[in-house]
Amino acid sequence: MHNRMRATIFRNIIWDVDGTLFDTYPAIARAFQAALNDLEKDASLEWIEVLAKISLSYCVTTLANQCQLKEEDIEQAFGEHYHRTSPEKQPPFPGVITVCEYICTLGGKNLIVTHRGREGTNGLLTANNMSHFFTGCLAREDGYPRKPHPAAFEAMLKTHNLQREETMAVGDRDIDVLAGQAAGIFTCLFGLKADEVVAHLTIKSFDELYRYLVSGSNNF
């Protein structure tokens, strides 16, 4: 775990969705594998998940090249399978709800910046009774440049009048950290490791993040 000296209490979190708030990648990988099977091809779930974590478009392109398929055929078959995937098979990670609740008790704001579509994002939040924790969401339809560009983060800071020193970005990929750093806010990486970047805080579970947040508030 790497962190810096605390300047204040963190009252706001800008969350990523896939692989951060919700454990969606196993379901995404299964849908891609089923799509390949429909097209009489196959690939391991582990490899597909690695590709999907880079981006879904990268996953489609790579699978199309590897399996000698058309990208549009994979996209269509994937969409059909993933659309049938229930939110219950894409649960929030353990500890996420506790962190969201804690931010609310501070009078702070939970916000979302995601490359996922708004309908899919709202579906996951609603199915898990989490919508009331969130003040705002910028999704694919809002048209901001993709992370690591900080434009969506900057928009959240401005729209919701957030103090940068009280705001944290939480995500599971390098691009989440880079976007947060470019926006001048504290960054927290969830997962095993980053390839190139170093976040201010690296966690393996959201219990770690909760303890970090609580320890900060207890110092004031």
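The values are calculated or read from the model by the stated rules, or taken from the named source; none is laboratory data. Because the structure is a prediction, the values reported are computed rather than measured. Positions of Cβ are backbone-derived with ideal geometry, glycine not excepted, and every protein chain shown enters the neighbour counts. These area figures cover heavy atoms from the full protein model, side chains too; ligands, DNA and RNA do not enter into them. Shrake-Rupley method; radii C 1.70, N 1.55, O 1.52, S 1.80 Å.
Counting only alpha carbon atoms, the long axis of helix 118-127 and the longest principal axis of the chain meet at about 70°.
About the centre of its Cα atoms, segment 1-125 shows a dipole size close to 820 debye [charges on the beta carbon of Lys, Arg (+1) and Asp, Glu (-1) only; nearest 20 debye].
Which residues does the label zone of Gln68 cover in segment 11-41, counting backbone N under 14 Å from a point 7 Å along Cα→Cβ? Answer for this model: 40-41.
Between 0 and 90 degrees, the angle of helix 96-105 with respect to the longest Cα principal axis of the chain falls at about 30 degrees.
Close amide-amide hydrogen proximity is noted between Thr24 and Gly19, each under 5 Å apart and 5 or more residues distant or on a separate chain (H modeled in the peptide plane; Pro and chain starts excluded). Between the listed residues Ile54, Phe206, Thr114, the Cα displaced farthest toward the positive end of the dipole of the chain, a dipole computed from Cβ unit charges relative to the Cα centre, is found at Phe206. Shape of the chain from the C-alpha gyration tensor: prolate (a/c of 1.5 or more and a/b above b/c, with a ≥ b ≥ c the square roots of its eigenvalues). The listed residues His132, His200, once ranked by accessible area (1.4 Å probe) with the largest placed first, stand as His132, His200. Overall, segment 32-90 carries a charge dipole of about 140 debye about its Cα centre when +1 sits on the Cβ of Lys and Arg and -1 on the Cβ of Asp and Glu, all other atoms neutral. Ordering Ile28, Ile97 by accessible surface, largest first, gives Ile97, Ile28; the 1.4 Å probe counts only protein heavy atoms, with every chain in place. Restricting attention to segment 69-220, close to 0% of DSSP beta bridges with both partner residues there are antiparallel.
Taking θ as phi - 60° and the Karplus parameters 6.51, -1.76 and 1.60, the scalar couplings of segment 43-56 work out to 7, 6, 4, 4, 5, 4, 5, 4, 5, 5, 5, 6, 4, 5 Hz in sequence order, x denoting glycine and proline. In the structure shown, the pairs Lys158/Lys204; Lys109/Lys158; Lys53/Lys109 are assessed against 19 Å; a Cα-Cα span above that value is assigned to Lys158/Lys204; Lys53/Lys109.
Each residue, Glu80 and Ser57, gets one label point 7 Å from its Cα in the Cβ direction; the gap between the two is 2.5 nm.
Residues Trp47, Trp15, sorted by accessible area with the largest first, give Trp47, Trp15 [1.4 Å probe; ligands and nucleic acids excluded]. A simple spin-label model places pseudo-atoms 7 Å from Cα toward Cβ; at Glu154 and Glu46 they are separated by 4.2 nm.
Between Cys104 and Gln163, the modelled label-to-label distance comes to 2.3 nm, taking each label 7 Å out from Cα in the direction of the beta carbon. Per-residue ellipticity at 222 nm computed for the chain from its helices equals -13500 deg cm²/dmol, with DSSP H segments shorter than 4 residues left out and the rest contributing -39,500 (n - 2.57). Only protein heavy atoms count here; under a 1.4 Å probe, Tyr210 has an accessible surface of about 80 Å².
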